[in-house]
Amino acid sequence: MTTSENPRTCLIGAGSSGIAAAKALHERGLPFDCYELGDRVGGNWVFQNKNGISSSYRSLHINTSRERMEFSDYPMPKSYPDFPRHDHIARYFDDYVDHFGFRDQIRFGVGVEHVERLGDGSWEVRTTAGETEVYDALIVANGHHWDPRWPEPPFPGSDTFEGEQIHSHDYKEETQIVDKDVVVLGMGNSAMDIAVDASYHSRNTYLAARRGAYVIPKYLFGKPVDQIGGAEWLPHWIRYPVMSRLLKFNVGRMESYGLPEPDHKFAHAHPTISGRILDRLAHGAITPKPNIASLEGDKVRFTDGSEVHADLVVYCTGYKITFPFFDEDFVSARDNELPLYKFMFHPEYDNLFFLGLVQPLGAIMPIAERQSILITEALRGRLELPPRAEMESDIAAKRRRMKKRYVASKRHTIQVDYDEYMRDLSKELEAGRARADAHRPAPAAVGAAA
């Protein structure tokens, strides 16, 4: 680190990742200010969040189990269901902050408007409250599920379509779909949840797929699916082939439900977890369709030539990774790619950190907790990163492996396997501490001459 002995840190965001960093900074006695645009912690998990950018909806439940989502030193209440609702999670985050006692270091209702790196390496931060502060270090935890990515390019006829078009980000409750003909585009978790909601309230629900996906039930053999074979010591090349066979045995082929056959191997794209979509498809409550070809008047035409009347089209087409407080020519994620060492350390600026900027096959909260330990150890000078050339080589190698494994998609630029990445973070923590120790001056010998 090129910062001071006791660096003052700016933390952007108090969502599920930001509060993990705030707790790590607080318990190590490192001074910091956390800026949160909303009026409470929890970010995306706060339904009707006053920050105006939460993607939470009334029926939202987690798709990773309680025990795999909780922070290591603050378990979720056992009274919570295996897959809690959004308000359970938001309450848990509130309790976490109060339990560890750092709420007074969060500036609620204040966002970060602009950040500039000064000549001495410090950060000038201008807030929405009109204040300007200078910090030694910057932690970015503004999330990556808030800036909607619409279909690229737009479907023909979308500009003259007579119905309503929304992104899944703007879906909030069932009143938006009651007694409507609804087309949901996508095969991810949001698409499945919204299609299931629509199947109970709309006149007709159509699920359009741009490509096939593996749909994983929330339970296998009476256990939450993410608790089967979930362990940091188990490599993915063993875990996923076994899981693929279990899935085939318990669920069968996606084509049996009218869904397209996936064009990739299991775990070579982000899987979809849903305990209800296959049931609703089997009951005819949701009609599967191929990709949208065009929108014509009040109808949606699909690539197989069929067409349906539609009052509402919901695009579940993902999100952009954006940092509105940085000048675009300084730091930006073009095509959703930002080259970071271990998905968190900027190779050029040793006092700039990114938190929770991964798309895990699992929960983000324990990942953010472990990332926060690495960041705070670096801030204290107890962790040293490799030379820049070594970091850039590692970034390039990781990018090549991801392109070889995952389906080409802007979603998969930050994809990680939960257990494998957690193990990687632990190894980096150990290696970084060893590097720091190796470069720390040896203590003077007792009785040595002055």
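Restricting attention to the range 69-90, which residues are buried (at least 17 other Cβ atoms within 10 Å of the Cβ) and in a helix (DSSP H, G or I)? Result: 69, 86, 88, 89, 90. Would you check if there is a residue in the range 307-323 being at negative phi, in contact with a strand residue (DSSP E or B) (Cβ under 7 Å, 6 or more places away or on another chain), without any contact (Cβ under 8 Å) to a residue 24 or more places away in the chain and part of a strand (DSSP E or B)? Yes: one or more hits. The number of residues in the range 345-366 that are of a type in the set (Val, Ile, Thr) and in contact with a Gly (Cβ under 8 Å, 6 or more places away or on another chain) comes to 1.
What residue, of 72, 122, 59, is more than 30 Å from residue 223 (Cα to Cα) and not assigned by TED's automatic domain parsing to the domain that holds residue 190?
Going through 72, 122, 59 in turn, the sole match is 122.
Restricting the first member to the range 356-374 and to residues that are farther than 16 Å from residue 45 by Cα and of a type in the set (S, T, N, Q), and the second to residues that are assigned to a loop (DSSP other than H, G, I, E, B) and at pLDDT 90 or above, the beta-carbon pairs closer than 6 Å and six or more apart or on different chains are 371/344; 371/355.
Checking the structure you have, find out if any residue of the range 37-45 is surrounded by fewer than 18 Cβ atoms within 10 Å (Cβ to Cβ), among the polar types (S, T, N, Q), in the same structural domain as residue 123 (by TED's automatic domain parsing) and more than 30 Å from residue 440 (Cα to Cα). Looking for residues that are surrounded by fewer than 18 Cβ atoms within 10 Å (Cβ to Cβ), among the polar types (S, T, N, Q), in the same structural domain as residue 123 (by TED's automatic domain parsing) and more than 30 Å from residue 440 (Cα to Cα), one finds none in the range 37-45, hence no. Residues that are within 16 Å of residue 162 (Cβ to Cβ), among the acidic types (Asp, Glu) and out of contact with any His (no Cβ under 9 Å at 6 or more places or on another chain) within the range 289-329 comprise 296, 307, 311, listed in sequence order. Working only within the range 183-223, note down all residues that are among the hydroxyl-bearing types (Ser, Thr, Tyr) and surrounded by fewer than 21 Cβ atoms within 10 Å (Cβ to Cβ). Once the filter is applied, which keeps residues that are among the hydroxyl-bearing types (Ser, Thr, Tyr) and surrounded by fewer than 21 Cβ atoms within 10 Å (Cβ to Cβ), the range 183-223 yields 200, 219. Each residue in the range 283-316 was checked for being closer than 25 Å to residue 57 by Cα and either modelled with pLDDT under 95 or surrounded by fewer than 14 Cβ atoms within 10 Å (Cβ to Cβ) (or both), and 2 pass.
Inside the range 7-36, residues that are closer than 13 Å to residue 96 by Cβ and surrounded by 24 or more Cβ atoms within 10 Å (Cβ to Cβ) make up a count of 10.
Any chance the range 96-116 includes a residue that's part of a helix (DSSP H, G or I), surrounded by fewer than 17 Cβ atoms within 10 Å (Cβ to Cβ), modelled with pLDDT of 95 or more and polar (S, T, N, Q)? Yes, some residue in the range 96-116 is part of a helix (DSSP H, G or I), surrounded by fewer than 17 Cβ atoms within 10 Å (Cβ to Cβ), modelled with pLDDT of 95 or more and polar (S, T, N, Q). All of (1) in contact with a strand residue (DSSP E or B) (Cβ under 8 Å, 6 or more places away or on another chain); (2) closer than 30 Å to residue 77 by Cα hold for residue 98 with one exception: (1). When the residues of the range 60-84 are filtered to those that are in contact with a Ser or Thr (Cβ under 8 Å, 6 or more places away or on another chain) and not polar (S, T, N, Q), which remaining residue is nearest to residue 170 (Cα to Cα)? Within the range 60-84, the match that is nearest to residue 170 (Cα to Cα) is 83. Among residues of the range 206-228 that are touching a residue at least 60 places away in the same chain (Cβ under 8 Å) and over 20 Å from residue 66 (Cα atoms), those with a beta-carbon under 7 Å from a residue that is of a type in the set (D, E, K, R) and assigned to a strand (DSSP E or B) at least six positions away or on a different chain give the pairs 206/289; 207/289; 208/289. Residues in the range 131-146 that are modelled with pLDDT of 95 or more and closer than 18 Å to residue 327 by Cα: 132, 133, 134, 135, 137, 138, 139, 140, 141, 142. Taking the criterion of being at pLDDT 95 or above, part of a loop (DSSP other than H, G, I, E, B) and within 25 Å of residue 150 (Cβ to Cβ), the only residue of the range 332-356 that qualifies is 356. Summed over the range 322-338, the residues that are in contact with a helix residue (DSSP H, G or I) (Cβ under 7 Å, 6 or more places away or on another chain) and either among the hydrophobic types (A, V, I, L, M, F, W, C) or surrounded by 16 or more Cβ atoms within 10 Å (Cβ to Cβ) (or both) give a count of 1. For the range 4-43, the set of residues classified as under 21 Å from residue 74 (Cα atoms), in a loop (DSSP other than H, G, I, E, B) and basic (Lys, Arg) consists of 28, 40, listed by residue number.
Based on this model, can you work out whether residue 122 counts as modelled with pLDDT of 95 or more and surrounded by fewer than 16 Cβ atoms within 10 Å (Cβ to Cβ)?
no
In this structure, residue 426 does satisfy being polar (S, T, N, Q) and at pLDDT 95 or above.
The values are calculated or read from the model by the stated rules, or taken from the named source; none is laboratory data. Since the model is a prediction, treat every value here as computed from it, not as a measurement. Don't worry about glycine lacking a Cβ; one is built from the backbone with ideal geometry, like all the others, and counts go over all protein chains shown.
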